[in-house]
Amino acid sequence: MAEHLATQLHGGKHAPEHAFRQYLLDLGIDSPVTRDTAGAVFHSELARELCDYLEHYVAQCGGSVALVDAYCLYNRAREFSPVFPSDFAQACRKFADLDLPLRLREYPSGLLVLEDAASADDALVLARVDSYIASFGPLTASDLAAIEDCPLALAEERLWLAERHARVCRDEAVEGVRFYENRFRPVQ
């Protein structure tokens, strides 16, 4: 009889499972995708779940988030059943194939970033860098990071992208690297 009362008071064997499901529901994850539940389509289903969960967060962060930050946020929400980093990255690589609103972008330095598909276009990034330099003058990576409220590594990559497209030229000095408008742009 004591065991029966203890079971009723503590919710029985299924209390931790119920608490876990309620926790995930509170965080916006209806039913977490696992290898057991998804089988062969695990990465595709995980990609859909990731997109649903991270889309609003990426938009709040200006349209791009470092993959590492997104991974930590998502796994914090899935506290009881975390996803391996390799599975997370592989699922993110499927965003474009599944026509989802996020994209995984790898910069030449190896930096991996989740971007809103609508703002992932190089032309938009280049136009923003051009307008910032026109408004504020020469920029450093830390200047751009402050203006766009993005990580320093991502700001650096955006400036290097602008340089590869001959939109800016850099000056390396003791104070650091500063990017200027390229007044000798090739005619296109």
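Among the numbered conditions (1) open to solvent by 60 Å² or more (accessible area, probe 1.4 Å); (2) part of a helix (DSSP H, G or I), the only one that residue 99 does not meet is (2).
Assess whether residue 185 counts as being among the basic types (Lys, Arg), over 17 Å from residue 66 (Cα atoms), touching a residue at least 12 places away in the same chain (Cβ under 8 Å) and not in a strand (DSSP E or B). When the stated conditions are applied, residue 185 passes them.
Checked against the criterion of being touching a Pro at 6+ places or on another chain (Cβ under 9 Å), surrounded by 16 or more Cβ atoms within 10 Å (Cβ to Cβ) and farther than 24 Å from residue 152 by Cα, segment 61-71 contains not a single residue that satisfies it.
The condition of being more than 30 Å from residue 51 (Cα to Cα) and without any contact (Cβ under 8 Å) to a residue 60 or more places away in the chain holds for only one of 123, 146, 155, 166, that being 166.
Applying the criterion of being of a type in the set (A, V, I, L, M) and open to solvent by 60 Å² or more (accessible area, probe 1.4 Å) to the residues of segment 38-58, the residue that is modelled with the lowest pLDDT is 40.
Checked against the criterion of being open to solvent by less than 50 Å² (accessible area, probe 1.4 Å), modelled with pLDDT of 95 or more and of a type in the set (Phe, Trp, Tyr), the candidates 107, 74, 132 yield just one match: 132. On inspection, residue 154 does not qualify as among the hydrophobic types (A, V, I, L, M, F, W, C), modelled with pLDDT under 95 and open to solvent by 50 Å² or more (accessible area, probe 1.4 Å).
Taking (1) outside any helix (DSSP H, G or I); (2) hydrophobic (A, V, I, L, M, F, W, C); (3) within 17 Å of residue 64 (Cβ to Cβ) in turn, residue 126 satisfies each apart from (1).
The values are calculated or read from the model by the stated rules, or taken from the named source; none is laboratory data. Computed from a predicted model, the values in this text were never measured in an experiment. Because the Cβ atoms are built from the backbone with ideal geometry, glycine has one as well, and the counts that use them run over all protein chains shown. All accessible areas refer to the heavy atoms of the entire protein, side chains included, with ligands and DNA or RNA removed. Shrake-Rupley method; radii C 1.70, N 1.55, O 1.52, S 1.80 Å.
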